[in-house]
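Colleague: I am attaching a structure below and will ask some questions about it afterwards.
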Amino acid sequence: MSEPPFDDDQHRISRRMVIAAAAALAVPIAGYGDAVSQDATKVARMPDTKSTWPHGARLAVSFSLMFEAGGQPISGAGGVIPDPIQQGLPDLPTNAFFEYGVYEGIPRILDLFDKHKIKISSFMIGHAVDKAPDLAREIVKRGHEAAAHGRTWENSYALDPEAERRFIADGVASIEKATGQKPVGWNAYWMRNSPRTLDILQSLGFVYHIDEPSRDEPFIVPLKGGEFVTIPYTFHLNDIVSFPFVGWDAAAYEQALRDEFDQLYEEGSHRRRMMVVSLHDRISGHANRVRSLDRFLTYARSKPDVWFARKDEIARWALSTRSVSPIIERGPPTITGLPGSAA
């Protein structure tokens with residue numbers, strides 16, 4: 001007697017496949033084509049011979065939302081005004097520019113992703129969360145991942161080991177206090193970590209980081225304390241790079257998103273591919289930019305076999321499918337120049 005299939009509107013999945021996948025993947029599915037579920041035990045399955053993603057998807061798409069407003073220094077933070085403020089005075093318009101992310105940007109972006117039934121990963125500055133804990137809670141309440149972005153919006157790579165550990169742990173504590181969720185993902189200020197950062201992250205319970213733009217798929221780096229996942233970043237699809245404010249071209253941005261999607265979707269027919277897009281609260285949350293994202297998401301969700309996922313989901317999936325996840329053995333960063341365990 002054959003097993004009754006489980007129908008998710010695009011695939012018919014057997015109960016045996018569902019049970020096997022549930023043991024390997026204990027995180028919710030973020031979004032998948034037109035069929036969306038928050039219960040991975042109902043819809044996930046191990047990849048078939050043509051795919052290494054859940055559902056047999058040919059492409060994973062993941063969005064990051066940087067929650068930074070309130071974590072910046074009150075004087076000297078980068079913004080839209082090219083002339084730097086003098087004498088260390090508070091940069092009032094720049095700080096107000098950051099606050100746009102809290103008042104308008106994040107709420108608008110959350111509504112957009114609700115509309116498309118997509119879950120994302122939000123990298124949060126500890127001090128930003130301290131100043132707007134209700135917003136941090138709202139992000140998690142809507143099903144998104146709370147990930148860590150440091151205590152403040154500034155470099156930490158030059159700190160001594162104990163100070164760097166506190167810098168990371170303090171941000172984690174703020175996020176956990178506000179949201180009840182302990183971060184497992186990390187993003188440094190401008191992606192710049194110290195040679196020992198990954199070891200510190202692993203000792204604090206992190207599972208992955210995004211501070212490396214070297215591939216178009218997740219991979220595993222063995223550290224002293226065990227395996228650690230890299231979910232690669234992209235400079236070219238970071239909105240800070242895409243929107244230089246002077247001469248911003250909405251049509252060009254939309255076309256860049258489509259071209260990236262189409263190329264990776266095509267390659268995904270024969271290898272594991274992932275598209276990542278980074279959004280900032282005060283940049284992508286503006287009304288006209290959300291319209292650009294809305295049109296792209298409508299386009300991307302019209303395609304079959306796409307997995308819209310949080311980064312913690314991707315990291316755990318990579319660990320659960322080690323046989324097809326690249327494992328990169330590296331020496332100390334002081335020798336290789338790449339993230340790994342310190343000497």
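Colleague: With labels modelled as points extended 7 Å from the Cα through the Cβ direction, what inter-label distance (nm, one decimal) is found for Gln87 paired with Arg330?
Modeller: 4.5
Colleague: Cross-link partners among aspartates and glutamates for Lys131, C-alpha distance below 12 Å, same-chain residues fewer than 8 apart left out?
Modeller: Glu68, Glu99
Colleague: Could I ask something else about it? What order do Glu313, Glu154 take when sorted by accessible area (1.4 Å probe), most exposed first?
Modeller: From most accessible down to least: Glu154, Glu313.
Colleague: Something else: Rounded to the nearest 0.05, what FRET efficiency do Glu266 and Leu204 have when you use their Cβ-Cβ distance and R0 = 30 Å? Before the final figure, lay out each step's value.
Modeller: Details: r = 39 Å, r/R0 = 1.29.
The calculated FRET efficiency here is 0.20.
Colleague: Distance check, please: which entries in Lys115/Lys303; Lys177/Lys224; Lys182/Lys224; Lys115/Lys141; Lys117/Lys303; Lys182/Lys303 exceed 25 angstrom between their Cα atoms?
Modeller: Flagged as over cut-off: Lys177/Lys224; Lys182/Lys303.
Colleague: Starting from the Cα of Arg215, move 7 Å in the Cα-to-Cβ direction to define the label point; list residues of the range 256-281 whose amide nitrogen is under 18 Å from there.
Modeller: Zone members listed by number: 264-265, 267-277.
The values are calculated or read from the model by the stated rules, or taken from the named source; none is laboratory data. This is a predicted model, so every value here is computed, not measured. Methodologically, a virtual Cβ is constructed for each residue, glycine included, from the backbone with ideal geometry; neighbour enumeration extends over all protein chains shown. Side chains included, ligands, DNA and RNA excluded: accessible areas come from the protein's heavy atoms. Shrake-Rupley method; radii C 1.70, N 1.55, O 1.52, S 1.80 Å.
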